[in-house]
Amino acid sequence: MEKRLFTIENNEKLAETVRGLTLTGDTGALVRPGQFVNLALEGFYLRRPISVCDLEGDKLTLVYKTVGKGTEKLAAMKKGERLDLLTGLGNGFDTGKSGPRPLLVGGGAGAPPLYLLAKRLLEEGKSPRLILGFKTAREVFLENAFRALGCAVLVTTADGSYAAKGFVTDALDRCGAYDYCFACGPEPMLRAVYTRCGTDGQFSFEARMGCGFGACMGCTCRTKYGHKRICRDGPVLEKGEIVW
Amino acid sequence: MNTSVTLSGLKLDNPVIPASGCFGYGAEFAELYDLDILGSLAIKGTTLFPRFGNPLPRIAEGPEGLLNAVGLQNPGIDAVCETALPCLKKLYGKPVIANISGFSLEEYAACARAMDAQENVGIIEVNISCPNVHGGGMSFGTDPRAAAEVTEAVKRTTAKPVYIKLSPNVTDISEIARACEGAGADGLSLINTLLAMRIDLNTRKPVLANLMGGLSGPAVFPVALRMVYQVYEAVKIPVIGMGGVSSAEDVVEMLLAGATAVQVGAANLKNPFAAKEIIADLPRAMRKYGIENLRDIIGEAH
């Protein structure tokens, strides 16, 4: 973990209630896809944990959903403003455990960390394919960015207003063969994917956090191998250790 | 300039101590800075048996503060004595404050007995004020007779200084303070968190799975300061002041109210360098307010 000041380069709307925030600063503490940063906002006591969507040198991209006053405040910030980040948080995904044909499943705000994951898997010569689930057409984002990487992408919307109607699990049967599964999204989605995907995999969890670096025990969950702090020992858990 | 203070014979280089539950066992912070700059360090609250704590969500936000309902998650006294304290000893060379909690007098006594045998424990801090556990914790801290009984039970088991950590969720904290002093407490720590709640407007239900949690952070500082002031008038034993301390100025203010040392809690969670920065900033604040020896200003507001 490091505490660093970053400068906003861009803060643009990607879909209804979804924004992409590009920052420049010292990204040295971020070593794996699936890690997150915890950013301080003036007027709010707790930091906001946001997963890393992309990383290129000193350029960091975060994609976030405006869900309350804090993220609304962040949405109003402009190019040139500074943000205080705790960076390099969480364990991140271990790409080494994946076979050559990994499946990446993202639900809503769980999609962003899969972008850097897909890039890393491609760099390792693997062929990631995506299933992305959203509530409705207006909330669909990142689909084209994944296609631009050269990944096959299946999109589902719960109300059928865009692409296939249904949930991500409805697309599991028609996404082609896969030998490993990475998933990030709300817990009901993770649980459904856990039950339906036939392979081993890694699942990234969300939680309300106090500190984000393992000190307060505010986000502890049970696993088959003892209590784990989602912020520090996670947010990524191996399929074999998850206790629902 | 001199920042040292003394708690029951234990000399601290400075009065700044990370508070229990906001610093784990130091490991996460030792990656960021040399812990030996700290006056002391209060470890995560320890109970006789391991505890998972409360279901999630355990955390909510408030204006200038946070609510927690962690519920005393800890690996239990045996694991703390066999693993956590020896590990901490490698990271921190000074005596620590061992925070213990229980659900019966016997549990408090058993934890204190185990901590008494630990070489790097300088003070035993007895939590009778946790708002997040049922059938224990705060129920001992809201009744003067129960508070005195816990104090006596712990004092019988240990020769180390015993500090009782008091709850602000009482009508008259002075009465509880006097009861602990009368039962032999060597000092008092105050305040624990204030019982609080938030409701999610979308779900229309409380944010915390435990429904209620303890409020800490700058929001509670004036309440904590007032109680330290009142308790200083009520007892002769030393007081460790805590509740929203976030700056060197807050440290000075707590000492003026009557605290001999302070604990820094929530500030560590927002800024992991908070305790280090406060200690580094103390000389500046002392110069600004014309303070040569920090210990000279203890209780000066009275």
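The table for this structure:
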quantity: A:LEU149 paired with B:ARG284, simple spin-label distance in nm, labels 7 Å along Cα-to-beta-carbon; calculated: 4.4
quantity: Prolate/oblate/rounded call for region B:157-216, Cα gyration tensor, a/c under 1.5 rounded; calculated: prolate
quantity: Per-residue HN-Hα couplings for region B:78-85 [Karplus 6.51, -1.76, 1.60; θ = phi - 60°; Hz; x = Gly/Pro]; calculated: 5, 5, 5, 6, 7, 10, 5, 5
quantity: Relative contact order (%) - region A:2-89, alpha-carbon pairs under 8 angstrom, separation at least six; calculated: 42
quantity: Peptides B:84-93, A:31-40 ordered by average Cβ neighbours within 10 Å, highest first; calculated: A:31-40, B:84-93
quantity: Derived scalar couplings ³J(HN,Hα) [region A:140-151; Karplus, 6.51 cos²θ - 1.76 cosθ + 1.60; whole Hz; x for Gly, Pro]; calculated: 6, 8, 6, 4, 5, 4, 5, 4, 5, 6, x, 8
quantity: Inter-site label distance for A:LYS73 and A:ASP200 at 7 Å from Cα along Cβ, in nm; calculated: 4.4
quantity: Computed [θ] at 222 nm, deg cm²/dmol, chain A (DSSP H ≥ 4; -39,500 (n - 2.57); rounded to nearest 500); calculated: -4000 deg cm²/dmol
quantity: Share of Cα-Cα pairs in region A:76-135 lying beyond 17 Å, as whole percent; calculated: 52
quantity: Chains A and B together, accessible area buried on both sides, 1.4 angstrom probe, square angstrom; calculated: 2600
quantity: Helix A:187-196 vs. chain A, principal-axis angle (Cα, 0 to 90°, nearest 10); calculated: 30
quantity: Cβ crowding within 10 Å averaged over residues, with A:51-59, A:76-84 ranked highest first; calculated: A:51-59, A:76-84
quantity: Pairwise label distance in nanometres, B:ASN2 with A:GLU187, each label 7 Å out on the Cα-Cβ vector; calculated: 5.5
quantity: Around A:LEU39: net Lys/Arg minus Asp/Glu count, Cβ-Cβ under 12 Å; calculated: +4
quantity: Neighbourhood charge, 11 Å Cβ-Cβ cut-off, centred on B:ALA98 and excluding it, Lys, Arg +1 and Asp, Glu -1; calculated: 0
quantity: B:ARG113/A:ASP94 FRET efficiency (R0 56 Å; Cβ-Cβ; nearest 0.05); calculated: 0.80
quantity: For residues of B:28-36, the mean tally of beta carbons on other chains within 10 Å; calculated: 2
quantity: Residues B:GLU233 and B:ARG156, FRET efficiency given R0 of 22 Å [Cβ-Cβ distance, rounded to 0.05]; calculated: 0.15
quantity: Cβ charges +1 (Lys, Arg) and -1 (Asp, Glu), total dipole of chain A, debye; calculated: 360
quantity: Furthest towards positive pole of dipole, A:LEU14, A:GLY25, A:THR71, structure part region A:2-89, Cβ charges; calculated: A:THR71
quantity: Global geometry of chain B, whether rounded, prolate or oblate, following the gyration tensor of its Cα atoms and the 1.5 cut on a/c; calculated: rounded
quantity: Cross-link reach list, lysines versus A:LYS69, counting only Cα pairs under 30 Å and skipping chain neighbours closer than eight places; calculated: A:LYS3, A:LYS13, A:LYS59, A:LYS78, A:LYS79, A:LYS135, A:LYS228, B:LYS205, B:LYS270
quantity: Ratio of Rg to Rh over the protein assembly as shown (Cα coordinates, Kirkwood Rh, two decimals); calculated: 1.02
quantity: Average beta-carbon neighbours from other chains, 10 Å sphere, peptide A:204-214; calculated: 5
quantity: GNM result for chain A, Cα springs below 10 Å: residue of A:GLY201, A:GLY166, A:GLY133 fluctuating most strongly; calculated: A:GLY166
quantity: Dipole magnitude of chain B, debye to nearest 20 (Cβ charges: Lys/Arg +1, Asp/Glu -1, about Cα centre); calculated: 300
quantity: Shape category assigned to region B:108-204 from the gyration tensor of Cα positions, a/c cut at 1.5; calculated: prolate
quantity: Only Lys, Arg (+1) and Asp, Glu (-1) charged, at Cβ; region A:162-244 dipole about Cα centre in debye; calculated: 260
quantity: Shielding by partners, peptide A:83-90 (average Cβ within 10 angstrom, other chains); calculated: 1
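The values are calculated or read from the model by the stated rules, or taken from the named source; none is laboratory data. All values reported here derive from a predicted model rather than from experimental measurement. We place every Cβ from the backbone using ideal geometry, glycine too, and count neighbours over all the protein chains shown. SASA here: full protein model, heavy atoms, side chains in, ligands and nucleic acids out. Shrake-Rupley method; radii C 1.70, N 1.55, O 1.52, S 1.80 Å.
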